[in-house]
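The values are calculated or read from the model by the stated rules, or taken from the named source; none is laboratory data. A quick note: this is a predicted structure, and the numbers were derived from the prediction, not measured. Glycine also receives a Cβ, built like all others from the backbone with ideal geometry; neighbour counts cover every protein chain displayed. Heads up: the accessible areas ignore ligands, DNA and RNA and are worked out on the full protein's heavy atoms, side chains in. Shrake-Rupley method; radii C 1.70, N 1.55, O 1.52, S 1.80 Å.
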Amino acid sequence: MAILTSLFAAAALPAIMAQNSRTQRRHVRIAPQIPQADRRKDGRVILERADRLTRALNDQYMVVTGNVEFSKGAMLMFCDSAHYYPEEGSMDAFGNVRMEQGDTLFVYADELNYSGPQEVAYLYSDDPKRPVRLINRDVKLETDVFTYDLYREIGFYNTGGVLTDRRNRLTSIEGEYIPSTKEANFYTGVHLKSLRDNDTLDIYTDSLYYNTSTHIAEFTSPTRIVNGQGDITSTDGIYNTATEYAELYAHSLVRTRRGTTLEGDTLLYDRVTGRGEAFGNMMLVDSARQSALKGNYGYYDEIVDSAYVTGRALAMEYSKGDTLYMHGRYITSVLRIDSLNVPNPVDSLPDLVRPDSTHVLNAWPRVRFYRTDLQGICDSMAYVERDSMLYMHRHPVVWSEDRQIFGNVINVHMNDSTVDRVHLPDFGFSAQYIEDDFYNQLSGKEMVALLENGTMRRLDVSGNVEAIFFPEENDSTINKMVSVQSSFMTGWFENGQLHRMKMWPESQGVATPLYLARRSMLLLPKFHWFGTLRPKNADDVFVVSPEMDALMGGETDPTAGAPTKVDAEKPDSVEAMEISVPESPEEDNGGE
């Protein structure tokens, strides 16, 4: 067969075919259609070579066979045979179909249909075990039906496909890939799985953007990211599969391997370092300790199991059903190991040296807490989990039912989430509301109270003991007041009411009929009823009134000076306060 160009004038075709029939059959390469054409500027498909070319009179296409090669710009296309439509620049290729662009992009298929007007190639596989394959350096995409847009240089599928790079394997029902930018988009049933050894990363979603160069995944639909260290749920975010760093939006949640969950409107989470940062509606839940932290901003370090929260910061503890709500401007939860120091953020606390570890919860300043059986305020607080000790510093006040207690420092011991011991080592004042302007009052340099089942059982006071009582008569009326002073006092309680009292080594007192008692006699010098500052419910812990701010910010002792006018607000119930205290020394033989 003589050398032919790939495009013939219609009038010359019969003569050429006749000449071909008279010539000994032999395979020769077909010369380029337009030998001098710049193929990178021409948008048409050009037949570069073939071993044989034929065309029937009534066919709109030419049949080319044997080592067939076409070009379309920088793209080369190879096959065993093809139907070539020169007028529209289209073709159908069969057998060992291959597309090449430079030395980086290769596509393999069993059949290819190329539309010249659309500049789109449709590639098919005849054998499910040998799918259409696109290879772009270390990226491989496999599917049964693949569409490649040569104008936009983008390929896509909608019958299910698999894309792999050196780090990950992605499967989906629909997908598209841009070789020039290494960008891919996947839709419906998307699953990204890590190919690295000892990496259990899996991402499940229905919409995923992925870059095979940076290995960064972006998602905009409900997504779950899982590995052996925990999982992430989000609807909008970015996850770097190479560095395991996530930027999460639209309120997302991270669950760590400890079982702790961190959530927020925006989350920044580094899986390698175990550090998470939350902005807006932050919540950290520790299911093991049945506690939680909330706020507008928070930070959690999984490795050292420590956290920080601020902005309407709230700590919650619900291990025994009744939830404790505690608010401070700043709250931290810190794991202390080996030699344990528990310094209060504002004031120094006693050193607690232990060989093991414990969690310490710190809150400051303007601390308020609420539980149905116990409420309190102070300017700084620390809770040591191992010893179940609550340390309250700087103007602490505690209420329970109709009782109030305050001092310079209050240390509360919790047992099974109930208070069983309260210690005021540096001045203590206890007041119980009776009625009208009448209060049972007791003060001293040191005060220790023991509780049982949440009810006062015993009270020990030492140093400058002063007390005012309004005992009830048999008919439950009050007609006198008792004022006493001593160095030491122990009181025993039944059903929350004082049953027996002992004062030693000496005591003095006086009983005064109420009709003879002057108003100035009704209150001890350091009496103050802080009823208006008492948290009334869980939401009220956030309300720091100007009065409380002034109390906590004052430089002087709020208990010093002349008796203070009683606040108008009175408690609703008249039962004893439930507080916890350390065990007192054995009773001596002093007089009762």
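For region 500-513, indicate whether the set of residues that are buried (at least 19 other Cβ atoms within 10 Å of the Cβ) and closer than 25 Å to TRP399 by Cβ is non-empty.
no
Mind checking which residues of region 381-400 are small (Gly, Ala, Ser) and buried (at least 20 other Cβ atoms within 10 Å of the Cβ)?
Within region 381-400, the subset small (Gly, Ala, Ser) is 382, 388, 400.
Selection gives ALA382, SER400.
Please go through region 453-472 and give me each residue that is more than 46 Å from the chain's Cα centre (by Cα) and surrounded by fewer than 18 Cβ atoms within 10 Å (Cβ to Cβ), ordered by number. Give the steps one after another, and end with the answer.
Here is the first cut: in region 453-472, the ones more than 46 Å from the chain's Cα centre (by Cα) are 460-472.
Correct list: GLY463, ASN464, PRO471, GLU472.
Out of HIS499, HIS528, I need the residue that is under 53 Å from the mean Cα position of the chain (by Cα) and closer than 30 Å to ARG329 by Cα. Which one?
Working: HIS499 fails: closer than 30 Å to ARG329 by Cα.
Only one candidate qualifies: HIS528.
Could you give me the residue pairs with C-beta distances under 6 Å whose first residue belongs to region 131-153 and is free of Cβ contacts under 8 Å to residues at least 12 places away in the same chain, whose second residue is among the acidic types (Asp, Glu) and in a loop (DSSP other than H, G, I, E, B) wherever it lies, and which are 6+ apart or on separate chains?
As it stands, the answer is none, since no pair meets every condition given.
Of all residues being open to solvent by 40 Å² or more (accessible area, probe 1.4 Å) and in contact with a Ser or Thr (Cβ under 9 Å, 6 or more places away or on another chain) in region 219-244, which is nearest to TYR187 (Cα to Cα)? Just the residue, please. Lay out the reasoning, then the answer.
Our first condition is that a residue be open to solvent by 40 Å² or more (accessible area, probe 1.4 Å); within region 219-244, this holds for 220, 222, 224, 228-229, 233, 235-236, 238, 243.
If we keep only those that are in contact with a Ser or Thr (Cβ under 9 Å, 6 or more places away or on another chain) as well, we get 220, 222, 224, 228-229, 233, 235-236.
Numbers: THR220: 11, PRO222: 12, ARG224: 15, GLY228: 25, GLN229: 26, THR233: 18, THR235: 14, ASP236: 15 Å.
Top of the filtered list is THR220.
I'm trying to understand the selection: among the residues of region 206-218, which are open to solvent by less than 10 Å² (accessible area, probe 1.4 Å) and on the phi < 0 side of the Ramachandran plot? Even if it seems obvious, please write down each step before you answer.
First, the residues of region 206-218 that are open to solvent by less than 10 Å² (accessible area, probe 1.4 Å): 208, 210, 212, 215, 217.
Across region 206-218, the qualifying residues are LEU208, TYR210, THR212, ALA217.
With the requirement that a residue be part of a loop (DSSP other than H, G, I, E, B), surrounded by fewer than 21 Cβ atoms within 10 Å (Cβ to Cβ) and among the hydrophobic types (A, V, I, L, M, F, W, C), what does region 147-200 give you?
Applying the first criterion (part of a loop (DSSP other than H, G, I, E, B)) to region 147-200 yields 150-153, 158-160, 165-167, 173, 179-182, 195-200.
Restricting the remaining residues to those that are surrounded by fewer than 21 Cβ atoms within 10 Å (Cβ to Cβ) gives 151-153, 158-160, 166-167, 173, 180-182, 195-200.
Listed by number, the residues that qualify are ILE173, LEU195.
Does region 423-481 hold any residues that are charged (D, E, K, R) and either touching an Asp or Glu at 6+ places or on another chain (Cβ under 6 Å) or in contact (Cβ under 8 Å) with a residue 24 or more places away in the chain (or both), and which are they? If you could, list the steps in order and put the result at the bottom.
So in region 423-481, the residues charged (D, E, K, R) come out as 426, 435-437, 445-446, 452, 457-458, 460, 466, 472-473, 475, 480.
GLU435, ASP437, GLU452, ARG457, ARG458, ASP460, GLU466, LYS480 - these are the residues of region 423-481 that are charged (D, E, K, R) and either touching an Asp or Glu at 6+ places or on another chain (Cβ under 6 Å) or in contact (Cβ under 8 Å) with a residue 24 or more places away in the chain (or both).
If ASP103 satisfies every condition in (1) acidic (Asp, Glu); (2) open to solvent by 70 Å² or more (accessible area, probe 1.4 Å); (3) over 24 Å from ARG44 (Cα atoms) but one, which is the exception?
(3)
So, in region 289-320, how many residues would count as being touching a residue at least 40 places away in the same chain (Cβ under 8 Å), open to solvent by 20 Å² or more (accessible area, probe 1.4 Å) and assigned to a loop (DSSP other than H, G, I, E, B)?
Total meeting the criteria: 4.
If I go through region 74-85 residue by residue, how many of them are open to solvent by 20 Å² or more (accessible area, probe 1.4 Å) and either over 55 Å from the mean Cα position of the chain (by Cα) or closer than 16 Å to ASP149 by Cα (or both)? Write out each step before concluding.
Going through region 74-85, the residues open to solvent by 20 Å² or more (accessible area, probe 1.4 Å) turn out to be 74, 76, 78, 80-81, 83, 85.
Imposing the further condition that a residue be either over 55 Å from the mean Cα position of the chain (by Cα) or closer than 16 Å to ASP149 by Cα (or both) reduces the set to 74, 76, 80-81, 83, 85.
Residues meeting the conditions: 6.
Among residues belonging to region 521-534 that are in a helix (DSSP H, G or I) and open to solvent by less than 30 Å² (accessible area, probe 1.4 Å), point out the one that is farthest from ASN464 (Cα to Cα). Full working, then the answer.
Let us first name the residues in region 521-534 that are in a helix (DSSP H, G or I), namely 521, 531-533.
So of that shortlist, the ones also open to solvent by less than 30 Å² (accessible area, probe 1.4 Å) come out as 531, 533.
Working: GLY531: 25, LEU533: 28 Å.
Top of the filtered list is LEU533.
Is there a residue in region 275-287 that is buried (at least 20 other Cβ atoms within 10 Å of the Cβ), modelled with pLDDT of 95 or more and closer than 19 Å to GLU385 by Cβ?
Among the residues of region 275-287, at least one is buried (at least 20 other Cβ atoms within 10 Å of the Cβ), modelled with pLDDT of 95 or more and closer than 19 Å to GLU385 by Cβ, which makes the answer yes.
Criterion first (touching a residue at least 40 places away in the same chain (Cβ under 8 Å), buried (at least 16 other Cβ atoms within 10 Å of the Cβ), within 20 Å of GLN60 (Cα to Cα) and of a type in the set (S, T, N, Q)) does SER90 satisfy it? Walk me through it before giving the result.
On the way: touching a residue at least 40 places away in the same chain (Cβ under 8 Å): yes; buried (at least 16 other Cβ atoms within 10 Å of the Cβ): yes; within 20 Å of GLN60 (Cα to Cα): yes; of a type in the set (S, T, N, Q): yes.
It is true that SER90 is touching a residue at least 40 places away in the same chain (Cβ under 8 Å), buried (at least 16 other Cβ atoms within 10 Å of the Cβ), within 20 Å of GLN60 (Cα to Cα) and of a type in the set (S, T, N, Q).
Is one or more of the residues making up region 508-525 in contact with a His (Cβ under 9 Å, 6 or more places away or on another chain) and under 27 Å from GLU446 (Cα atoms)? Step through it out loud before you land on a result.
To start, the set of residues in region 508-525 that are in contact with a His (Cβ under 9 Å, 6 or more places away or on another chain) comprises none.
No, region 508-525 contains no residue that is in contact with a His (Cβ under 9 Å, 6 or more places away or on another chain) and under 27 Å from GLU446 (Cα atoms).
Among the residues of region 238-251, is any under 9 Å from the mean Cα position of the chain (by Cα), of a type outside the set (D, E, K, R) and assigned to a strand (DSSP E or B)? Break it down into steps so the answer makes sense when it comes.
Within region 238-251, the subset under 9 Å from the mean Cα position of the chain (by Cα) is 251.
Subset that is of a type outside the set (D, E, K, R): 251.
Okay, now just the ones that are also assigned to a strand (DSSP E or B), so none.
Scanning region 238-251, I find no residue that is under 9 Å from the mean Cα position of the chain (by Cα), of a type outside the set (D, E, K, R) and assigned to a strand (DSSP E or B), so the answer is no.
Here's a check for you: in region 48-58, which residue that is in a loop (DSSP other than H, G, I, E, B) and open to solvent by less than 50 Å² (accessible area, probe 1.4 Å) is farthest from PHE78 (Cα to Cα)?
Filtering region 48-58 for residues in a loop (DSSP other than H, G, I, E, B) gives 50-51, 55-58.
Narrowing further to those that are open to solvent by less than 50 Å² (accessible area, probe 1.4 Å): 50-51, 55-56.
On the way: ALA50: 10, ASP51: 13, ARG55: 20, ALA56: 23 Å.
My answer is ALA56.
So which pairs qualify, if the first residue must be in region 488-500 and at pLDDT below 85, the second must be of a type in the set (Phe, Trp, Tyr) and surrounded by 13 or more Cβ atoms within 10 Å (Cβ to Cβ), the Cβ gap must be under 9 Å, and the two must be at least 6 apart or on different chains?
LEU498/PHE469; LEU498/TRP492; HIS499/TRP492; HIS499/PHE493
Table: residues versus (1) open to solvent by less than 20 Å² (accessible area, probe 1.4 Å); (2) at pLDDT 90 or above; (3) on the phi < 0 side of the Ramachandran plot.
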| residue | (1), (2), (3) |
| --- | --- |
| ASP379 | yes, yes, yes |
| ASP402 | yes, no, yes |
| PHE406 | yes, yes, yes |
| MET414 | no, no, yes |
| ASP420 | no, no, yes |
| PHE429 | yes, yes, yes |
| TYR439 | yes, yes, yes |
| LEU442 | yes, yes, yes |
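Which is farther than 30 Å from TYR433 by Cβ, among the β-branched types (Val, Ile, Thr), modelled with pLDDT of 80 or more and open to solvent by 20 Å² or more (accessible area, probe 1.4 Å), of VAL334, VAL360? Full working, then the answer.
Numbers: VAL360 fails: open to solvent by 20 Å² or more (accessible area, probe 1.4 Å).
Result: VAL334 is the single residue among VAL334, VAL360 that is farther than 30 Å from TYR433 by Cβ, among the β-branched types (Val, Ile, Thr), modelled with pLDDT of 80 or more and open to solvent by 20 Å² or more (accessible area, probe 1.4 Å).
Can you name the number of the only condition in (1) part of a strand (DSSP E or B); (2) within 22 Å of THR164 (Cα to Cα) that LEU267 fails?
Single failed check for LEU267: (2).
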